[in-house]
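*Asks:* Once you've had a glance at the structure underneath, I'll fire off some questions.
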Amino acid sequence: NGNRPPMRQMETAQPTSYFYDLNGKISYKPTKKDIISWSIFNGKDVLDNSRDNDRSFGGMEMNEDVNDLTDWGNLGSSLKWSRKWNQKFYSNALVSYSNYFSIRDRTQESTRINEDDEYETFTRGTYENNNLQDYAVKIDNEVEINQTNRIEFGLQANHFNVKYDYDREDTLVIQQRDDNANLLAFYLQDNWTPIPRLSLIPGIRMSYFSGTNKTYFEPRLSASFALTERWKLKAAWGKYYQFIQRVIREDIQTGSKDFWMLANNDDVSVSSAIHYVAGFSYETPDYLFDVEAYYKQLNGLTEYT
């Protein structure tokens, strides 16, 4: 149409992408029996392809701020005290904190001046923010009963805080979760050598999770048998529960993506798995060849649509 004013478009984009990882550990021996160590890990990945668009069409000016940001990372730190009480008794005490976060901003804010010289602003797109915090205290002990039995036992306490926000079009809240729960666990296992070359490790773990007010039992058994000085057979079986769930989301706009939520047995189940493992190893003075096969039965997986 020769009467239609020409369309002008100017787009400014300056993509910014960076990542970093930080590792650190300090150990101190106050006595011959004690070791105190502090460690930290911090990592972050940022992919920012945001841009500004200025358009003029049909006598109307429009400015668009397009956010295309992926920002995720984690932080973990722990303080550990290890003590060898005597030749047969050894303990570890650990206090730790970890944080995982993931932000996905795909929003677009548009401001336009209409033919009456009035400003109009509207927002569309999606915004996601997932944040997971874990405060933990753990105590592990190892006691040598005799030449054929070594008992290992311990306690663990966790406090979880998991947040997930998912908004669309700046006004529609799809998910807004802020969940807290505690986990208290105890484990006991025996490293038993009933006959030479055969090692058995039966064990049990009991966990109480406040998110469901239930106690979960996790029996486990592993074994290894040395055929020769170099060949070894091994097998393991165990039941495991997971209380912080990785939820898979199939989204027609953004493709497959996942996020983390705290299980509650309402809309997010506590997942469980039974593991079967078998393998063998061959070791020389210079090399170790290790082959394993596993089979898992998974229950309580959660998908979000």
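The values are calculated or read from the model by the stated rules, or taken from the named source; none is laboratory data. Every value quoted in this text rests on a predicted model; they were computed, and no experiment measured them. As a convention, Cβ positions derive from the backbone with ideal geometry for all residues, glycine included, and neighbour counts pool all protein chains shown. Each accessible area value is taken on the protein alone, full model and side chains, heavy atoms only, with ligands, DNA and RNA left out. Shrake-Rupley method; radii C 1.70, N 1.55, O 1.52, S 1.80 Å.
*Asks:* Between F89 and I36, what length in nm is gained on full extension when 0.36 nm per residue of separation is reduced by their alpha carbon distance? Don't skip to the answer; put the middle values down first.
*Replies:* Working: separation 53, 0.36 × 53 = 19.08 nm, distance 1.73 nm.
In short, 17.3 nm is gained.
*Asks:* Pop out the carbon and sulfur fraction of the accessible area of the chain as a percent, whole number, probe 1.4 Å. Walk me through the intermediate numbers first.
*Replies:* Working: 10490 of 19600 Å².
Carbon and sulfur atoms account for 54 percent of the accessible area of the chain.
*Asks:* Normalising by the residue count of the range 170-305, find the relative contact order in percent from Cα pairs under 8 Å and 6+ residues apart.
*Replies:* Relative contact order of the range 170-305: 18 percent.
*Asks:* If you don't mind, there's one more thing I want to ask. Structure shown: which of K138/K163; K25/K232; K33/K138 lie over 28 Å apart, alpha-carbon to alpha-carbon?
*Replies:* Details: K138/K163 24 Å; K25/K232 35 Å; K33/K138 20 Å.
Beyond 28 Å: K25/K232.
*Asks:* Between N74 and Y135, what is the label-to-label distance in nm when each label sits 7 Å out along the Cα-to-Cβ direction?
*Replies:* 2.1 nm
*Asks:* Under the rule of at least 5 residues apart or a separate chain, name every residue whose amide H is placed under 5 Å from the amide H of Q245.
*Replies:* Those qualifying (amide H under 5 Å, at least 5 residues apart or on another chain) are M261, L262, A263.
*Asks:* Something else now. Roughly how large, in nm² to one decimal, is the mean projection of the convex hull of the alpha-carbon atoms in the range 177-305?
*Replies:* Average of the hull's projected areas for the range 177-305 equals 11.3 nm².
*Asks:* For an R0 of 30 angstrom, estimate the FRET efficiency from the Cβ-Cβ distance between T302 and H159 and round to the nearest 0.05.
*Replies:* 0.85
*Asks:* Based on the Kirkwood radius over alpha-carbon pairs, what is the Stokes-Einstein translational diffusion coefficient of the chain at 20 °C with 1.002 mPa s viscosity, in µm²/s?
*Replies:* Numbers: Rh = 24.4 Å.
Estimated diffusion coefficient is 88 µm²/s.
*Asks:* State, to one decimal in nm, how far the label point of T193 lies from the label point of E152, with both points 7 Å from Cα in the Cβ direction.
*Replies:* 1.5 nm
*Asks:* Treat each spin label as a single point 7 Å out from the Cα along the C-beta direction, and report the F186 to S98 distance in nm.
*Replies:* Label-label distance for F186 and S98, simple model: 2.5 nm.
*Asks:* Right, something else. Whose amide H sits under 5 Å from the amide H of G211, counting only residues 5 or more places off or on another chain, with H placed in the peptide plane?
*Replies:* Amide H neighbours of G211: N182.
*Asks:* Right, another one. Using 0.36 nm per residue of separation minus the Cα-Cα distance, give me the extension gain between S110 and T171 in nm, one decimal.
*Replies:* Between S110 and T171, full extension yields 20.5 nm more.
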